[in-house]
Every structure is written in structure tokens, then in C-alpha cells.
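The values are calculated or read from the model by the stated rules, or taken from the named source; none is laboratory data. Not measured: the values here are computed from a predicted model. Cβ coordinates were reconstructed from backbone atoms using ideal geometry, including for glycine residues, and neighbour counts include every protein chain displayed.
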Amino acid sequence: MRIGIDIGSTTVKTVVLSDTDEVLFRAYERHYSLVRQKAAEQLRRASALFSGGQHAVPAITGSAGLGVAKASGLPFVQEVYATAAVVRERLPDADAVIELGGEDAKIIFFGGGLEERMNGTCAGGTGAFIDQMATLLDVTVPQLDELSLRHEKIYPIASRCGVFAKSDIQPILNQGGKKEDVAASIFQAVVDQTVAGLAQGRELTGKLVFLGGPLTFLKGLRERFIASLELDDEHAIFPFDAECFAAIGAAMCANGKDAEPFTDIMDKLESAVDESGGESAIEPLFRTQEEYEAFARRHAAAAPPTADAETYAGDAYLGIDAGSTTTKLVLITAEGSILYTYYGNNKGNPVSIILEQLQTIYDRFGSAVSIKGSAVTGYGEELIKNAFNLDMGIVETMAHLRAARHFTPAVDFIIDIGGQDVKCFKIRNGAVDSIMLNEACSSGCGSFIETFAVALGYKIGDFAKLGLFAGAPSDLGSRCTVFMNSSVKQAQKDGATVEAISAGLSISIVKNAIYKVIRAASADELGRSIVVQGGTFLNDAVLRAFEREIGAEVTRPAISELMGAYGAAWTAIDAAGGASHAEGGTGPNVERSPTLLSSEELKNFTHEARPVSCGGCTNNCSMTVNTFDGGRRFISGNRCSKPLGAGASSEPNLMKHKYGKLRSMEGSGSGTGERGRVGIPLGLNMFENLPFWFEFFTKLNFEVVLSRESSRQLYILGQRTIPSDTVCYPAKLMHGQIESLLEADADAIFLPCMPYNFNEGISDNSYNCPVVAYYPELLAANIPGVKKARFLIPYFGLHKKRGFIRKSAEYFNKEFGIPANETKKAAKSAYKAYAEFTSEIESVADGYIEHARREGKHILVVAGRPYHSDPEVNHGIDELISSLGLVLITEDAIARRLGGEPRRVLNQWTYQARMYNAARYVLEHGDMQFVQLVSFGCGTDAITTDELRSILESGGKLYTQLKIDDINNLGAVRIRLRSLIAAIGG
Amino acid sequence: MAQLVYDKTGRLLFTKEMKRDYTLLMPQMLPVTFTMMKKVFELYGYKIEMLTTNHRSIVETGLKYVHNDTCYPALLVIGQLIEAINSGKYDVHKIGLLISQTGGGCRASNYIHLLRKALEKAGMSYIPVVSVNLSGLESNPGFGLSLQVIRRLAAGMIYGDLIVWLSNQCKPYELEKGSTDTHAAMWTERLVDMFGRGRGLRKKEMRATMVEIVEDFSKIETSDKRDKPRVGIVGEIYVKYAPLGNNGLEQFLLDEGCEPVVPGLTDFMIFKINNRVVDVDLYRGYRVKKLVAGVFQRYIEGLQRGMVEAVETKPAFRPMGKFSDLQKLIRGYLGYGNKMGEGWLLTAEMLELIHTGTKNIVCTQPFGCLPNHVVGKGMIRRLKDDYPDSNIVAIDYDPGATRINQENRIKLMIANAGRQPTGG
């Protein structure tokens, strides 16, 4: 007999095979981190099979099995290898296997060269991800599955990594999207992730076998796979035993090795159980109960004044914080005493929670209390404001600042760790100075601990407490949650206790916030008066870890989790008291509207959320139309003001202007087009160089065909051939752009390799980044279609004009037989056209600046790369900016107005050098502000961001960074921009 | 503390006085090679301390002082240096830091600046940082690479490559455990000693010494069967070589019963020199530059040829490839203009490994490494198309990536290797 034990990230599977490969025993259970114990326990249950003293050959497999195998001395079989073995045996005609596990996703291709792939270190879309999403929706996984089967539409959800997807889902929920649709969209994201992240250019066709827990148990997930890959019953195989395939495979692979008595195997496994590894050097959070009590007492002191809610009669103010996962609400007196609070998961529907709470408040306080003002903040701000006719909506940062001031008037640093996000901001001269939000890759926040607690079978409160006195907290690193998952796996493997893991998670979250979000070296950098807040800080382990890490004592208000709401309520008080109110200077965007719905009006309250596609332009944004009783209406998910109808503000926008100009560079121009059609993908540095190449080719009598306008669909079109899932989104889009040119059937596609950019005399060197420079070569190697097409990717250097003129003459003579003189003329003309284009952009910018000054508007310099003008890359941030009443110009339009200057970093990339100069230019102009667009995964911006910040701060300007990816969610962007506007008093 | 002198851009210089009084701390990348290079510097009057620390707190320190999205090697190297400064082992007013700077469009050219920023952040901007580069970046009155120094460093590099290459072929099969390491250590010491006496550095002497080294390694007793799967290691230069960067990858492969094959540093150096020649070919520029680079390239290629010929004196050893072989192999895959980071060389090394029967390859890179999107991960598909039996796994290294995850992937590659007949 043979024994296979598969120890995965969340489950243990044990099988016993007969000598004829018959399954005699199988077990499948979650191990709740008790990895070795559970494996031994399962095996013990099979002992009856060996009552006659039979021998067996054992093998262990699985991602968490390696450690157990090492400790016990039992042989290890790699799990993908094991799975391939069993599929080859049982389903010999399979073309590919897709297996999703707790944390791993795998694809095995058979035939035509066996290939086996596992997800990289940055990839979520797996079982653990689905668990996390279910928690988010407040349903069980089976319920999630059922919901998904009733969906009507699919929302685009970022598929790369679980954390990203999460921040896509949150706003959909908060804005009233239906759970059914969200559930199906989650499964679709898993499918996209698998196809994009793993297939990497190899088509998933033929007979596909689906394995692993999630694909065994979730019908909705299966359905998405079948629909997306266009499979029929014959080509989609869901084998019985699918969840135990790796274990069976391990047993099969165990063949041929020496058999040993069952009791020996049992002994080896059990003796490994007791071995506890892991050399954590981390100090316990608290050594004694006394130490803890002193700590608790100190923090209990920061509490709001109390009022007797039972007897209070008079005015009150309502504050609501409609956060991403939770809804917070407070009702306070004009002195800030708390009358009523609510804190709860919004269960994906904040509107119904607020409705219930308002009714409760009216019932409870009746006529004794009259609500004089109300304000709402948070992700759901606009939805809630519109639903219940609140007085005002304010940006979160302002609400938090207002509340923090109440407890520590001199506060100069606030950190808020909520369920979904970390928000930090410094306060300088009474204004929010720099805002640091966790970018989507690192949100190791509250909900992460919660998901983990649940996965390990605990309630969050109990789980957190476990860590307080853990002797040796696990060292889990400090990165995004997906990485943390594997760190926890490692700790489990090393035999860490649940207590140690709990403490380790608290410490990780704190480290993540300090080193990843704030990036501080010491507490002095944060500030003198630090206020910490947010639900996660209610967890004493996190609070302790934070104070320990920064080496200072901080203020945690007793209403830590309610601070947003408390600040909103205070803002309502300030507004009611007029601008003269002492502490009022935060200047919220006061929009006077009818007051809060009354008790009577609530009785007739109705809310309907309807998903629609906006037809306003080619973006076809997915929007949600919320309609309430009495005709109140709120549209969410829109990127521009178009669907809102006329009257919406829209200021000049240089990005839009540039984009329009570039898109028009198509056709034969001044030439005849007789030499044929040249396809040019409008992406990456073509956003810079198209004016050059358009002139060049049309002068040579080619017709220029541009790739289709970028969109999510275009991205998906090329998604399968992306070999590196961590490259930036603009580069990923190139795959779709090339595909679209192949479809357009151009005679040739032209995309030169350009390590060097124009030298504008403002930097030490004039490089492009490595991705821009060489991506053409990657496309040539990975897109099957270009192998049959004429894909021209010569190395050209426009920085050396004479060299280019000569080299291009040679090249086009060889490729197309064009006489050298003709090419040389075209090249010269191209240089001229490029220069004209840049000076035209500069003069348009002048016009915009003048307009702004005339109208008294703020000018926002949006610094990034030329390709950030692509609406699919910037997701309409430019439109958002102009709808907020700011005049937008781009970095390239002002960069050349200053000469070069030494920098503290090697200033060697042309695009990046422009940003440094633009920042310097902004310093000289009081009415200009600066934001930087950063594509996720852009390595060079790891260097530019710190440098730009220091340039701007040296002149007392704010540095704002907007990080963008394939996520189509402007929530965080909006917070940043509105905070910026509030800070500059716009 | 020496007097602090700055240049006109405000950069703290490493002065002659510092050369006399200060100890320069340098990170380690290739244990054998860097030991010899250190010795060369010492011959010229520098006091050098090579850091071999490898505990977890290096990463923590790096995370604290460097932008977290910066490449992992920068994080490690800077973390290691800052940690050493903070260790209390050195008089902080009597140390300088030595760091290499490649130049070129990759982020790596910026390590030195990030290091300075980190020092500033730690309140120790009085510590001078010295750039070692061949691009003429950042000169210092107290530090210079004369032609003689460069030639000696080149010699150290060649010897280092040879010893590592031979060790990797002996170690998996040695009958007496540890005997290969003993030989390697003996030779490192002996060469360092020879350098000290000004010996073993001329071309002719080098050839003789290399033949002697090969002869000596051939005496290590090994099993007759060379049946272990050979696994090549390519990648971003730091995580490819440095055990600190790749979690001891070579040792892991040895423990898993494989024979690691690690292409040497020499090709990388020639590659970097050759880039200058190519730039002039592709875009035009100063012919003199091309000429000078060409001379230098041919010089190192000559040394490399000597090394290959030395290995060929013992048929039991597989010789390494030559730079010119790599240049031929890459045609049709990537242009010679692909020069940032490891550029076309990385793909060429994979091709060479495949062509010489090492079809199992670990392609290492720091998480999010920009050039490797193209030359590493970006070329695997194509290699797989052209060589269906190639077996390549790309591994990302990063402060958060756990060893278990990396090892699991490498194990999968090894499991597949086991199913194929071992090459060559």
C-alpha cells in the first residue's frame, strides 16, 4: 500500500492507495495551523487498514508539507509533479490541468512539451482570496457561491492580486452594487487571474481538468471558468476526488521506494509533531499582567466627555463615517459628549445600516433631542449624503483631523488603521500637509487579521488578545497580505503557536504601516504629538506594537474606531456655529442642502440600486444608479461628469488636449500613403514620439494606422501573452495594442527599441527606463501573431540626430528599398515636426495658465510619463481633476523652462528629469500645485518619489502621489485630491 | 575624524587623509572573487573590511532606510552597510563605504545615491561613500582606479571565476566531504599571498597558475558517475551570486542533489565594456571611446581565453563558454543594444546553458526587476518554444518572499529535471 499526505496552506488531505491504485482511505480537513498534528491524526484514522502489520510506502506533498517531510524524514514529492502524475494515469487525454488551492494556483499543460506553472509570489486569486472576499460580503463561502449563480452583470475587478481586487470590490458595494453581481465578479477575477497570470501565452484549449478545493465545491467559480474559456461538458472535467488529487499523486509517486511498517511511518510523523522550531527574536508584547494594566490605564484617559443619554435634552449633531468595510455613527452634544454610537460591518450595504440606525435614534431620543446638523465622511460619503439628505460631506482626512484635535490640540501626526486601509497624515501649520495612504499592494490592515482569525477558528477580539502575552511572537515580515500569508505558512511550518502568530500579525501590521506607508526611520520623523485611531488600534496588541516600534507614547482616544464620525459631527457643529467658531478652521466643502430626513420621511424611505453601462463615450463605464424615494438620485462609478448632465464643472485639461492631438495622427498626412500601411501601437514612449514617427512615415508615403484606443477590453485581448505579471500596466496594455494592429492587418508594425530618449539638457543622461527601452523585444518573443507579421523593432537613438539620420537611411533602404536621400529628408522633417509639437503643447499650457490666473483657479501640474495621458492608464484622473475645478497641465509643458540642476539621485532618465524640473517650477509659482502619477510596479519611481517630495517640501509645497494600476477606482485618488484642495483652501 | 571636503555639487569626498586613516567597508557578492579583489585594494594601501554578515536584521535595516519599492539588492547592500555601521564594531568617524556603480539605464546606478540618502537619514552623512566604477562617475582624491589596479582586479576576477567553476563541478561528487572547499580556500589564500608579492598577475604567469589550479582540482577525489541533474543559475547579478540575496541558492541545490552551474562574472564585465562599443555602432558617437573600449574588451577576452584553455587541459572538466560564443547565441533573440542591467547577456547565458546540456535553469531576479521583465521572464516563453525540453523557473527575491515559497518552486523544477535524461 501507499500513503499520500498533502499538506496545503489551509487543509490536510490523506489518502491510502492499494497496490492497484484503488483509494482505500481518504480524508480532507482544514488544519487551522495545527499542521503536523492534523496530518498525524488523519493517518491514525487509517490505521485499521494496517492492522495486519502491512507495510506501506509514504510520501508527503503540498506547500506546507516540505517542513513536515524534513522534520519527519519522510520523502517529499513536489505537489504539481504529484498532480501531473495522477492526471497522466487517470485522464490520459487531458490537455491541461487547472488547480486552485488555498493559496496556490497551478496550471499543468500536457502534450507539446509538458509545462507546469505555479503562481508567483505576488498572486492572490485563490481559495484564501475567496475566503477573504466572502468575509467582506459577510456571507459564508457556500452562500457566496449561491449568490454568484444569480448574477446579472459582471464588474471589472482587478485580477492580479487579492488585495487589489478587494479595493475594487469595496466601492462597488459601498455604492450600492448588488451582492449577486459582486460574487460572480469575484469568481471572474479568479478566472482572469488564472488565465492571465499562469497561462502566459499558451492557450488553454482542449480537454481541461479542474482540481482543488475551490473548484470542487464552488459551482459559480466553475461556471465562470466554463464561460470564459468557452468549454462544453466534454472539455471541462471535474473529477470526483478532485480535492485529493495531489495526495493521490503523492501516493502514486511513492511507488518503488522501500516499504516500511505503518507503525514506523506513524512514529516518524508523530515524533515530528512535537518538534517546535522557529527562532523568533521578537520580545513579547507584555511580560506581566501589571505591565498591561498600566498600559491600559494610560490609554483609557483619552476619552470624550460623557453625557447622560437617558436624561439629555437639547441640540445634537450627527456624524457618520461610511468606511470601506464598516459604518460608524455618532450623535453628540454641542460640547462633544457622546449620546449614541454605532460601529458595525456595513455588510456590503451601508444604506440599510444607516436607515436602521437613524430610525433607532429617532425612536430612542424622540423629541428630547433635535438634530441641528449632520455630516458624513468616508468612502460612502456621497451615497449616504444623497440618500439621507445630510448637511454636508467632508473628506476623510479633514474629519479625522477635526476629531484628533479635540483630544490633542497640538496634534501633528495622525495614523488611522482601519479595516481596509492605513491613512497617515502630517499636520503642519494647521493644514493636512502630507497624506500617506497604503497603496493597494500593502494593505496589511485590520480586515486581514480578522480574516486570519476566522481562518484559524477564532473571533477577532479573542484572537487579538491571544497575542498580548505570547512569549515569542512570530516574525512575519512586513509586506502586503499575500506575502504575509506565506509568512504565516512558514511560521506554521516552524511550529509557531496561534498566540505567537497573533502577536506576529499585530507587529507586522504596525511595521507595514511605519515602514511601507510612512517610511519613517524613527519616531522623531513622525511628529511630537501622535494620535492613533481606527478600529484596528482598539486591538491593544497593535497599539502596543506601534508604541514599541516607534519608541514613543501615543494618544489613542477611547473612541478610536469612531474618530471619523466624531470628526464629522464636530464639523457639523462648526458649520452650524459659523466660521467664527473657535476650532472651526478646517474649512469643509460646505454644501448647504435640505436637512436630514425626518423620522416621518424615513418611513417612506426606499432605495434601489441599478447597474448600468454609461454610453457617454467609448469607456462604457460600469455605473450604479441609486434611486431613492421622492426622486433623489445618485450615480456612482462614473469617471467623468458626463452622465451627471450639464452644469458640471470642467476646467482646461492638457492631458486631454494632448491625447486628442495624438489620436488624430493617423492616415497619410501630407503624403500619398502608397508605400503601404504602417501600424504604430499608441502606448509607452509612442506617446512621446508619435509626432516624430507620424511625420517620418507619412513623409515617406506610408499610411499610419494607430492601435485601437486603450480600454479594459483591449487589455484583456492581449492579457494572455503577458509573461511578467509584475510589470507596469502601461506595458501590459502594449500586448492588446499589438493584437489590435494585427487585427487591422497593417503591412508592418513599427515599434523601435529606444534605450535613449531625447537629451533635453536637464539631466545627467537621457535614458528611457528598461521596460520602455526593450519592451518591443519582449512583444516579439511572446505574441504568437507577430511571428507571422512584419514586426519591425530596430534600435534607434533619436538623441544623436546625425547618427539617426544615417542609420535610419540604411535601415529603411534595407527593409523597404527606400532611397537614402528620401529617408534623410523625412528624418529631418520628423525632428522638425516633433519640435513643433512640443512647442505647441507648451503654448497651449501658457493659455491654460493664463485662463487660470484670469479666473482665479488653482493650477495642478500632473507629473508622470507621457503615456499617463492614456485615459485607460490614468482612469480618468484628469477628468476628475478638472471636474474639481482645477486647471490641469502636464510636466512636459513646463519642464524645459528651467535648466538642469544637480540632484541627490542620479538624474539619468529624460521623463523623470522633466518631473524634477516641473516640481522646481511649481515652487516658483504660488498658484501651482503638484501631483505625481505613479504606475504600480514602476521601479524608477521608487527613486523619483522621495526626490520629488524633498524638492517640493523644500519650498513648502505639498507632495501628492496618485498611484495607478489596472484598478478602475478613483476613491483613494479623490481623497487625496480633495485633501489637497482643502489644504490649499481651494 | 578627518577633515570633511566636498566637491562643488556638495558631495563628500574621500580624501588622501581618509585613505590613510579610514577603513572602507564593502559588501560581498561573490565570496571567492571579492576576497581577492579586497586583497588587490589592500595592496594599494587601502584598509578594507568585507562584510559577510547575513542575519535577518539586515533586511529590517534596509527596509527602514531605503524606499521599500527599491530593488532588493539595494535594500540588502545598504541594509548590510548601515547595520555594520550601527554594530559598534567600527569607529564611525574612521570608516568609509565602498560600493560599485554600474552606470546605465537601470536603477542599480542609483544605489550609491540611495546609500547616501540612507546615511543622511541615519544622521551619518559625514561618512564618505566611494563609488567603484569604470564609467568615470564620481572621482575622489583619495581613491582611484589606475590601469594597474584595474588589471589586477581583472586578474582577481578571472581567478575567482575559475575556482568557482571548478568547485561547482567537483563539490557534488567529492568523495570526501569538504575537500573541494578546502582546495578552494587554499587557492584563495595562496593567490592572495601571491598578489601580495606582486606575483600571479601578469598574463603569462596567470596562464601557468591557472593550469596549476586546474591540475590541482582534478586531483580531488570524486565519484565516477556524473549523474546529478545540472541546474544553471542566471539572473540579476546580485541575487544570482550573493548567498545573502538568494537565500543560499547554490547550497540549496547541492543539498537537493543537483550540480549547480553558475556562469561567471567575467562575461558580465566584458558585456559592460562591450556595451560602449555597441552604442557607437548603433547610434554613432566618439570613435575614440569605441577604440578604447575595444582594446579593453580584447584584453579581458584574452584572459578569459586563457582560463578556458586552462580548463580544457583536463577533459574531466567542462569548460566555460566564451563571450564571443554568447554573442553568437543571442542573435535572433535580442539586440546587442539591450544593455541595461544584465541585458542580452542574461538570455544568452540561458541559451548557452541549454546548448551545453544544462537544460534546468533557475532565473533569479529581485521582485519587480525592470530589465528582467524583458530579458528574464520575457524570454522564457520563446526559449520554451525553441527548446521544448528546457526547464526554466523564474524566482523572485524580495524582503517578503519566503524561502519556502521559493524552494517549493525550485523543487518543482528539480522534480521535472529528474524525469528527463540528464544532459551531457
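Out of B:Gly335, B:Gly343, one residue alone is within 7 Å of chain A (Cβ to nearest Cβ) and either crowded, with 23+ Cβ neighbours inside 10 Å or modelled with pLDDT of 90 or more (or both). It is B:Gly335. The lone criterion from (1) more than 14 Å from chain B (Cβ to nearest Cβ); (2) out of contact with any helix residue (DSSP H, G or I) (no Cβ under 6 Å at 6 or more places or on another chain); (3) β-branched (Val, Ile, Thr) left unmet by A:Thr126 is number (1). Annotation: of all residues in the range B:368-383 being more than 7 Å from chain A (Cβ to nearest Cβ) and without any contact (Cβ under 8 Å) to a residue 60 or more places away in the chain, the one that is nearest to B:Leu76 (Cα to Cα) is B:Val375. With respect to being in the same structural domain as A:Lys957 (by TED's automatic domain parsing), touching a residue at least 40 places away in the same chain (Cβ under 8 Å) and under 23 Å from A:Glu840 (Cα atoms), A:Val862 fits the description. Among the conditions (1) facing another protein chain (nearest Cβ under 7 Å); (2) under 19 Å from B:Glu236 (Cα atoms); (3) outside any strand (DSSP E or B), B:Ile404 misses just one, which is (2).
Is it fair to say B:Leu162 is surrounded by 22 or more Cβ atoms within 10 Å (Cβ to Cβ), in contact (Cβ under 8 Å) with a residue 40 or more places away in the chain and within 11 Å of chain A (Cβ to nearest Cβ)? No; evaluated as a whole, the condition is false for this residue.
Among residues that are touching a residue at least 12 places away in the same chain (Cβ under 8 Å) and farther than 26 Å from A:Asp233 by Cα, A:Val87 is not included.
Among the residues of the range A:781-824, those that are part of a strand (DSSP E or B) and away from chain B (no Cβ under 11 Å) comprise A:Phe791, A:Leu792.
Does B:Leu134 fit the bill of being part of a helix (DSSP H, G or I) and either in contact with a Cys (Cβ under 8 Å, 6 or more places away or on another chain) or of a type in the set (A, V, I, L, M) (or both)?
Numbers: part of a helix (DSSP H, G or I): no; either in contact with a Cys (Cβ under 8 Å, 6 or more places away or on another chain) or of a type in the set (A, V, I, L, M) (or both): yes.
Against the criterion (part of a helix (DSSP H, G or I) and either in contact with a Cys (Cβ under 8 Å, 6 or more places away or on another chain) or of a type in the set (A, V, I, L, M) (or both)), B:Leu134 does not qualify.
Of all the criteria given as (1) modelled with pLDDT of 85 or more; (2) touching a helix residue (DSSP H, G or I) at 6+ places or on another chain (Cβ under 9 Å); (3) away from chain B (no Cβ under 14 Å), the one not satisfied by A:Gly926 is (2).
One line per residue, one yes/no per condition, for (1) over 29 Å from B:Gly264 (Cβ atoms); (2) in contact with a helix residue (DSSP H, G or I) (Cβ under 8 Å, 6 or more places away or on another chain); (3) not in a loop (DSSP other than H, G, I, E, B):
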site: B:Arg20; (1), (2), (3): yes, no, yes
site: B:Met26; (1), (2), (3): no, yes, yes
site: B:Phe34; (1), (2), (3): no, yes, yes
site: B:Lys38; (1), (2), (3): no, no, yes
site: B:Thr53; (1), (2), (3): no, yes, no
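Per this entry, A:Ile975 is not counted among residues that are under 30 Å from A:Arg712 (Cβ atoms), away from chain B (no Cβ under 14 Å), modelled with pLDDT of 85 or more and surrounded by fewer than 23 Cβ atoms within 10 Å (Cβ to Cβ). Remark: pairs (first residue in the range A:111-135, closer than 16 Å to B:Cys363 by Cα; second residue at pLDDT below 60; Cβ separation under 7 Å; 6+ apart in sequence or on different chains) = A:Thr121/A:Phe483.
Looking only at the range B:237-255, decide whether some residue is farther than 24 Å from B:Val192 by Cβ, assigned by TED's automatic domain parsing to the domain that holds B:Asn360 and over 21 Å from the mean Cα position of the chain (by Cα). Checked the range B:237-255: at least one residue is farther than 24 Å from B:Val192 by Cβ, assigned by TED's automatic domain parsing to the domain that holds B:Asn360 and over 21 Å from the mean Cα position of the chain (by Cα). Of all residues in the range B:50-75, those that are more than 7 Å from chain A (Cβ to nearest Cβ) have Cβ atoms under 9 Å from Cβ atoms of residues that are of a type in the set (Ser, Thr, Tyr) and in a loop (DSSP other than H, G, I, E, B), 6 or more apart or on another chain, in B:Thr53/B:Ser87; B:Glu60/A:Ser478; B:Gly62/B:Thr70.
Starting from residues that are under 20 Å from the mean Cα position of the chain (by Cα) and either surrounded by fewer than 22 Cβ atoms within 10 Å (Cβ to Cβ) or farther than 22 Å from A:Leu204 by Cα (or both), keep the ones in the range A:727-753 and report whichever is nearest to the other protein chains (Cβ to nearest Cβ). Spell out the reasoning first.
Here is the first cut: in the range A:727-753, the residues under 20 Å from the mean Cα position of the chain (by Cα) are A:727-733.
Now drop any that are not either surrounded by fewer than 22 Cβ atoms within 10 Å (Cβ to Cβ) or farther than 22 Å from A:Leu204 by Cα (or both), which leaves A:727-731.
Working: A:Val727: 5, A:Cys728: 9, A:Tyr729: 13, A:Pro730: 12, A:Ala731: 7 Å.
Filtering the range A:727-753 for residues that are under 20 Å from the mean Cα position of the chain (by Cα) and either surrounded by fewer than 22 Cβ atoms within 10 Å (Cβ to Cβ) or farther than 22 Å from A:Leu204 by Cα (or both), the one nearest to the other protein chains (Cβ to nearest Cβ) comes out as A:Val727.
A Cβ distance below 8 Å, combined with a sequence gap of six or more or placement on separate chains, defines the contacts here; from the range A:759-780, residues that are more than 9 Å from every other protein chain (Cβ to nearest Cβ) reach residues that are in a helix (DSSP H, G or I) and among the charged types (D, E, K, R) in the pairs A:Glu760/A:Arg914; A:Ile762/A:Arg914.
Here are some conditions: (1) modelled with pLDDT under 75; (2) within 14 Å of chain B (Cβ to nearest Cβ). A:Gly504 meets all but one. Which one does it not meet? (1) is the only condition that A:Gly504 fails. Is there a residue being more than 19 Å from the chain's Cα centre (by Cα) and closer than 22 Å to B:Arg56 by Cβ anywhere in the range B:92-114? Yes, there is a match, as at least one residue in the range B:92-114 is more than 19 Å from the chain's Cα centre (by Cα) and closer than 22 Å to B:Arg56 by Cβ. Candidates A:Lys38, A:Lys13, A:Lys70: the one that is assigned to a strand (DSSP E or B) and among the basic types (Lys, Arg) is A:Lys13. Selection of the range A:937-957 for residues being more than 25 Å from A:Ile984 (Cα to Cα) and either modelled with pLDDT of 90 or more or surrounded by 22 or more Cβ atoms within 10 Å (Cβ to Cβ) (or both) yields A:Gly937, A:Cys938, A:Gly939, A:Thr940, A:Asp941, A:Ile943.
Checked across the range B:359-367, the condition of being aliphatic (A, V, I, L, M), more than 9 Å from chain A (Cβ to nearest Cβ) and crowded, with 23+ Cβ neighbours inside 10 Å holds for at least one residue.
The range A:394-437 holds strands (runs of 3 or more DSSP E) entirely within its bounds, and those carrying 3 or more residues that are in contact with a Cys (Cβ under 9 Å, 6 or more places away or on another chain) map to A:413-417, A:431-437.
Considering the range B:385-401, the residues that are out of contact with any Lys or Arg (no Cβ under 8 Å at 6 or more places or on another chain) and more than 7 Å from chain A (Cβ to nearest Cβ) include one that is surrounded by the most Cβ atoms within 10 Å (Cβ to Cβ), namely B:Tyr397.
For the range A:868-924, residues that are of a type in the set (Lys, Arg) and either buried (at least 24 other Cβ atoms within 10 Å of the Cβ) or outside the structural domain of A:Tyr959 (by TED's automatic domain parsing) (or both) total 1.
Pairing residues of the range B:117-143 that are within 17 Å of B:Met26 (Cα to Cα) with residues that are small (Gly, Ala, Ser) and surrounded by fewer than 22 Cβ atoms within 10 Å (Cβ to Cβ), at Cβ distances under 7 Å and at least 6 apart in sequence or on separate chains, gives B:Leu119/B:Ser125; B:Val132/B:Ser100; B:Asn133/B:Ser100; B:Asn133/B:Gly103.
Among the residues of the range B:361-384, those identified as touching a Lys or Arg at 6+ places or on another chain (Cβ under 8 Å) and modelled with pLDDT of 95 or more are B:Cys363, B:Thr364. Looking only at residues in the range A:648-700 that are among the aliphatic types (A, V, I, L, M) and assigned to a helix (DSSP H, G or I), which one is nearest to the chain's Cα centre (by Cα)? Among those that are among the aliphatic types (A, V, I, L, M) and assigned to a helix (DSSP H, G or I), it is A:Met655.
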